[in-house]
Amino acid sequence: MSSIKEKFNQISPSEFFYRNRDLAGFSTPTRSLYTAVREFVENGLDACDQKEILPEIHLSIKAVEPDKPDPKPYILTVKDNGPGIETKHVPLAFGTVLYGSKFGLKQARGMFGLGATMAILYGQITTNKPVSVKSSTDGKISDEFELLLDIQKNKPVILKHKTKEVSKRGLSVSICLEGDYSKAGAKIRDYVYQTSLITPYASITFEDPKDEKFHYSRIIKTMPKPPTIIRPHPYGIDVETIRRMMVESQFEIPVMDDAMMEKVRKDLGLSKKNLSFTAIMAKAKTKWKNLSRQVRVVVALMSFLKMDFEKLNKIRIEDVDITNKKLTYWDFGDSQSKTVDMDSESPYYRQLANTTQGETLTAFLTKRFQRVGPTTAIKFAEFAGFKPEKRLGTMTNQELVKLSDALQKFGDFMTPDPSCLAPLGEEPLEKGMKKFFNPDFLAVIQRSASAYSGFPFIVEMGIAYGGEINTRGIKVYRYANRIPLLYDEGSDVVLKVVNDIDWSRYKAKGDPPLVIVSHICSTRIPYKTVGKENVADRQEIERELKLSIQFLARKLSIFMNKRGQAEAAKKRANLYAKYIPLIAQFCTELSGKKKEPNYKKILEEEMPATNE
Amino acid sequence: MSKETQNKINAAKKKATEKQKNILEMLKSHGAKIYDDLDSGKFPKFSIPSRSVGNIVYDKKLRQYILGNSVAVRSSRNTSQLRSFTQLMWLAFFANKLTNEKKSSTLRDIYYSSQAFAIEFEDQSESDNIIVDLEAVTSKPREDFHIFPEERSSIFGDLTIEYTIPGYEGKTMNLSNHPDGYSIGPSLTTAELVDTSAEIVIAIEKGGLFTRFVEEQIDKKFKSIIINTGGQAPRSTRTLLKRLHDEMKLPVIVLTDGDVYGEHIAMVIKSGSANAAHLRELTVPDAKWVGVWATDIEKYKLPTIPMTESDIKRCYDLQKDPRYQDGIWKKELDVFLRLKRKAELEAFSKYGLTNITDKYLPQKLELAKSL
């Protein structure tokens, strides 16, 4: 057994990702360049978001030898004004795979900062050039590193490190990688454009290999509320996850070594005096509330062993058998195993049971999951066929499966807490779209939070019509967690919903100049493929999308109606302006009058108001 | 010229001037009303008898189709009517000019004249329609406004007329001077009828027979005025027929092909058409259709041709017409339907070119007296 385990360990995470780089989007020079851009830009935006700094992102792509044909090495540099990374973390953050701070359940563009390291890895394999990182956390001193990644050991190799005085805080990462800009250029420009649209609080500049600059200035100065990290929802929890959560809720019986004893003495405030067993227990009782779990366990054991610290030093706990209420220990002095009974009525017994068998089902549910109260927990236990006080640690494998199944099926859990989500918000979305499209009509909606399989999500959508939109037909911009989705448009659920709408019913006939911006925020976007470019048609998401689009389409139809009326009024006024003077002329001659009648009054009355 | 004739001419002149004055007055009052509306900030409007099928009714007393009581309002506020409103105003303005200057114009002229203004008609049928509107509003035929259809109808016989059109005023003419006949155009329609020795008017459907009748001197033999209606008689011809009947006290007989269309040509002369239900003064209720009847086909053993489907359909349509419910109209229609065959006027040529004038016509003239 152990030899197999060792073999597995021999493949470092770096090596694993190196071997499977296709999965992470680094298959071809074209795709790799695009993916690298995305990873670094998204990391920069995430870093700023987390610290609530209005982002300023500068992206540049330069060919090492401009005259060479593609694919060829490019230097990709992304600079942000984020918090920077502390000097001691820089080598690990950029020279190790699976190092990052983006853990926990909340919405972020990327997870774990994995992609950026992949990009660095890819650059290193294709060009054998180090990554250059410049980081300043205080806006005064910048640490400048040149790093290589030791793939086999998954460790950074620092080639250069120096410090420099700077005037701006932030991080700048520069890698050299094999890419094909002639093919990836359009997508990258599209990506930058669309990212700017969904990040109106950011200023983004892109300098391309031909020295062309694309600048998207900041449209709004307020940032959306940052998401909070929260506990998971019971839906969508599988057996494996329950196991991992159980481990968190269960504790080993601490080893009673000198350090441990010292800690217990200190926490009980007994550092100087050597007290009797009874005195210790009395002291523990008064201090119980403030004691740590470890210390409580030791005190509980002592209560059954009826020993002071000196005696305790001479034994080793062998087994705590909660079921049979027996406590077994090895006595070094007598060199034999001894057993004492535990009184199941004692509060200390419960403490030990808690430790070794984990929490009761109700405690597990209320403490480990979001939005589960004691009443719901008890109801659930009944539903699942467990006693509420059943301890997780005593569950067999089959029982765990039963528990997991019941968690999916129980109907009375509250909907997931959306506070872990960070939608853009109606106002920023509206302002962004207004700036980008300057349309004749614009409407946005943010639906209230909903959930699929225990993952909360929010749909935001905007619709713009006419004005500077010169596309014929409907253009859909899809976003998931503020990332533009550019590939695999056809199979996406958003497209499906848009195409299912009969636009002529909403007075948008033919090929209306229409832009739809759809943003789905979730702690987990149900992507269809590993490429993460299209969202699967989960029923709950489809419904929210449909309701959003119908709401917006209705508003559009009201606008189109009004506009139709205004146009008709204008047309009418034009007709009057053309014909009434003629009627005036003819009737003047017919009636033999000298002067034409004053028909201006009619025309003025019929002129449509200009500020419509 | 006898004094009596001179008096008659003067009276006629006065009458013509009077008529013109009336027309101009009427147009002026219509114009003034619209002028006042505009001047007081109102969208001008007027009402017009509805010419929809539902509003065309047969008046037994008048013995013609007339428009019922239903009235449509044309408003310049209504943008779907604004264009035709303006067109009608232009037409009134144009007709006013024509009448004033005593100039005449054709339907085609109207269509083109409009293009000089911003009031273009899309096609002639649109302009023709507006002309009918003007007729309906004023209850006057377009000829009163000096608007005439293309000429295809002609007249021959001893009839003296005096022109009233500019440049020819007072000039007289006898309509038996030219053997091809005279076209019935604006100058003739507006002319005063001065004198005639004729005792009857024979309206004949076809140009060929008209020529034959002139050659055979039917005008002299039967003291008649011969008129070629050229198929369905134009309005101007019908007006002239009426005037010959009313002013010269001449009976009118109609001779057509022996088919359902011929029968109806006679009927329109007698009692008008649904198309012109908005107009009176176009009918000769005493006109008589003398042939060719369906019964004549059998009686005279005329060579026939079979009726077409549309002929038969026309028979059935006319059976529903209130005017075909009795007398020879009903009888002949029924026989046509029974025979399902028809005969042209020329069919008499089988028995010799002059058979129709020598034999048939005298018999029919004799018969007409008893009709």
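Put simply, the stretch A:561-606 fits an ellipsoid with semi-axes of 28, 9, 5 Å; these come from the alpha carbon gyration tensor as the roots of five times its eigenvalues, largest first.
Rg and Dmax of the stretch B:221-279, both derived from C-alpha coordinates alone, stand at 11.8, 39 Å. The angle between the Cα long axis of helix A:181-198 and the longest principal axis of the Cα atoms of chain A comes to about 90 degrees, rounded to the nearest 10. Compute the long axis of helix A:277-287 from its Cα atoms, compare it with the longest principal axis of the Cα atoms of chain A, and write down the angle in degrees, 0 to 90, nearest 10. Tilt of helix A:277-287: around 20 degrees.
With no solvent and one equal point scatterer placed on each C-alpha of the stretch A:483-532, evaluate the Debye formula and give log10 I(q)/I(0) for q = 0.26 Å⁻¹, two decimals. For the stretch A:483-532 at q = 0.26 Å⁻¹, log10 I(q)/I(0) is -1.15.
For the residues of A:566-578, the average number of beta carbons from a partner chain within 10 Å of their own beta carbon is 2.
For A:Glu146 and A:Lys68, FRET efficiency with R0 = 22 Å and r from the beta-carbon atoms, rounded to 0.05?
Numbers: r = 24 Å, r/R0 = 1.08.
So, using R0 = 22 Å, E works out to roughly 0.40.
Computed over the stretch A:11-216, the convex hull of the alpha-carbon atoms projects to a mean area of 11.0 nm².
Averaged over peptide A:591-604, the number of partner chain Cβ atoms lying within 10 Å of each residue's Cβ comes to 5. Evaluate the Debye formula for the stretch B:3-148 with equal point scatterers sitting on the alpha carbons, no solvent, and hand back log10 of I(q)/I(0) at q = 0.09, 0.12 Å⁻¹, in q order, two decimals. Values, matching the q order: -0.34, -0.59. Taking a point 7 Å out from the Cα of B:Arg63 in the direction of its Cβ, the residues of the stretch B:203-242 whose backbone N falls within less than 14 Å of it are B:242.
If you look at the Cα atoms of the protein assembly as shown, you get an Rg and a Dmax of 52.9, 175 Å. Over the stretch A:458-612, all Cα pairs binned in 10 Å intervals from 0 give whole-percent P(r) values of 9, 29, 21, 13, 11, 9, 6, 3, 0, listed from short to long. Zone of A:Glu240 (label point 7 Å along Cα→Cβ, backbone N under 20 Å): which residues in the stretch A:377-397? From the stretch A:377-397, the list is A:396-397. Each other residue within a Cβ distance under 10 Å of B:Asn96 adds +1 if Lys or Arg and -1 if Asp or Glu, for a net charge of 0. Axis angle, to the nearest 10 degrees, between helix A:426-437 and the longest C-alpha principal axis of chain A: 40 degrees. Residues of the stretch A:18-59 with an amide N closer than 17 Å to a point placed 7 Å from the Cα of A:Arg218 along the Cα-to-Cβ direction: A:44-59. Here's the list of aspartates and glutamates a cross-link from B:Lys45 could span, going by alpha-carbon distance under 15 Å and ignoring same-chain residues fewer than 8 apart: B:Asp36, B:Asp37, B:Asp133.
In this structure, the residue pairs whose Cα-Cα separation is over 31 Å, taken from A:Lys409/A:Lys546; A:Lys160/A:Lys528; B:Lys61/B:Lys350, are A:Lys160/A:Lys528; B:Lys61/B:Lys350.
What ranking of B:Glu205, A:Glu178 emerges when the number of other C-beta atoms within 10 Å of each C-beta is taken as an exposure proxy, fewest first? Spell out each step's value before the answer.
Details: B:Glu205 24, A:Glu178 18.
In order of increasing Cβ crowding within 10 Å: A:Glu178, B:Glu205.
The phi-based Karplus calculation (6.51 cos²θ - 1.76 cosθ + 1.60; θ = phi - 60°) puts the 3J(HN,Hα) values of the stretch A:466-481 at x, x, 7, 6, 10, 6, 9, x, 8, 10, 10, 9, 9, 9, 9, 6 Hz, whole numbers, x for Gly and Pro. A quarter of the convex hull surface defined by the alpha-carbon atoms of chain B gives 20.2 nm² as the mean projection. Residues whose amide H comes within less than 5 Å of that of A:Ile141, counting only those at least five positions distant or on another chain, are A:Val166 (H built at 1.01 Å from N in the peptide plane). Using θ = phi - 60° in the Karplus curve 6.51 cos²θ - 1.76 cosθ + 1.60, the 3J(HN,Hα) couplings for the stretch B:44-59 round to x, 8, 8, 10, 9, x, 5, 9, 6, 3, x, 9, 9, 10, 8, 9 Hz; x is entered for Gly and Pro.
Computed from phi, the 3J(HN,Hα) profile of the stretch B:280-286 under the Karplus parametrisation 6.51, -1.76, 1.60 (θ = phi - 60°) reads 10, 6, 10, 10, 10, x, 8 Hz, with x in place of Gly and Pro.
With the alpha-carbon atoms of the stretch B:134-230 aligned to their principal axes, the span from lowest to highest coordinate is 44, 29, 21 Å, starting with the largest. When the C-alpha to C-alpha distance is required to be over 29 Å, the pairs from B:Lys171/B:Lys223; A:Lys162/A:Lys187; B:Lys221/B:Lys330 that qualify are A:Lys162/A:Lys187; B:Lys221/B:Lys330. Can you give the percent of C-alpha pairs in the stretch B:197-370 whose distance is more than 20 Å? Taking all Cα-Cα pairs of the stretch B:197-370, the fraction more than 20 Å apart is 50 percent.
Put simply, the amide H of A:Phe386, placed in the peptide plane, has no neighbours under 5 Å, leaving out anything fewer than 5 places away on its chain.
Amide hydrogen proximity for A:Ile57: with H placed 1.01 Å from N in the peptide plane, the residues at 5 or more positions away or on another chain lying under 5 Å are A:Ser203, A:Ile204, A:Thr205. For the stretch A:266-316, the alpha-carbon coordinates run over 27, 22, 16 Å along the three principal axes, in decreasing order. What the Cβ-Cβ distance of A:Ala568 and A:Tyr487 gives, at R0 = 30 Å and to the nearest 0.05, is a FRET efficiency of 0.10.
Just to confirm a number: summing +1 for Lys and Arg and -1 for Asp and Glu over residues other than A:Pro597 whose beta-carbon lies under 13 angstrom from that of A:Pro597, what do you get? Before the final figure, lay out each step's value.
Working: positive: A:Lys593, A:Lys594, A:Lys595, A:Lys600, A:Lys601, B:Lys33, B:Lys42; negative: A:Glu589, A:Glu596, B:Asp36, B:Asp37, B:Asp39.
Counting the neighbours of A:Pro597, the net charge comes to +2.
Past 29 Å, Cα to Cα, is the threshold; run A:Lys164/A:Lys225; B:Lys13/B:Lys140; A:Lys287/A:Lys367 against it and keep the listed order. Intermediate values should be presented prior to the final figure.
Numbers: A:Lys164/A:Lys225 34 Å; B:Lys13/B:Lys140 20 Å; A:Lys287/A:Lys367 24 Å.
In this structure, A:Lys164/A:Lys225 exceed 29 Å between Cα atoms.
Here, the stretch A:283-377 has an Rg and a Dmax of 15.8, 53 Å when only alpha carbons are counted.
Coordinate-derived values only; no laboratory data. None of these values were measured; they are calculated from a predicted model. All Cβ positions, glycine included, derive from the backbone under ideal geometry; neighbour counts span all protein chains shown.
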